[in-house]
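Novice: Sharing a structure here in structure tokens format.
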Amino acid sequence: MTGSAAAPGPGEVRVAEHAAGCCAEELALYDGTKPRELCRYPVTPGHEWSGVVDAEGEGAPPRRPPDGSPPHC
């Protein structure tokens, strides 16, 4: 990504991503051990991530930069 990230809106926080990864389901899809008919497409690989709160909007939850963000899955 290039450029600057948008400022968070009211009640929102902005998280600077520090790491992303693929889960076991995605790896099973990739290596062919999971049958394609058991998948819903489109697949978004690398959907597990974590980072730190780097900005907050007006009325955001009580997190303060640079608090950690819970991983997303």
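The values are calculated or read from the model by the stated rules, or taken from the named source; none is laboratory data. Keep in mind it's a predicted model, so treat the numbers as computed, not measured. Every residue, glycine as well, gets a Cβ built from its backbone with ideal geometry; the counts of neighbours run over all protein chains shown.
Novice: May I ask you to list the residues in segment 37-56 that are within 21 Å of Pro8 (Cβ to Cβ) and of a type in the set (A, V, I, L, M, F, W, C)?
Specialist: Trp49, Val52, Val53, Ala55
Novice: Pull up segment 26-50, narrow it to residues that are exposed (fewer than 14 other Cβ atoms within 10 Å of the Cβ) and acidic (Asp, Glu), then point me to the one that is modelled with the lowest pLDDT.
Specialist: Filtering segment 26-50 for residues that are exposed (fewer than 14 other Cβ atoms within 10 Å of the Cβ) and acidic (Asp, Glu), the one modelled with the lowest pLDDT comes out as Glu37.
Novice: Follow-up. For segment 43-64, name all the residues that are without any contact (Cβ under 8 Å) to a residue 40 or more places away in the chain and of a type outside the set (Ser, Thr, Tyr).
Specialist: Across segment 43-64, the qualifying residues are Val43, Pro45, Gly46, His47, Glu48, Trp49, Gly51, Val52, Pro62, Arg64.
Novice: Next up: Residues of segment 1-48 being in contact with a strand residue (DSSP E or B) (Cβ under 9 Å, 6 or more places away or on another chain), small (Gly, Ala, Ser) and not in a loop (DSSP other than H, G, I, E, B), which ones?
Specialist: Selection gives Ala16, Ala19, Ala20, Gly21.
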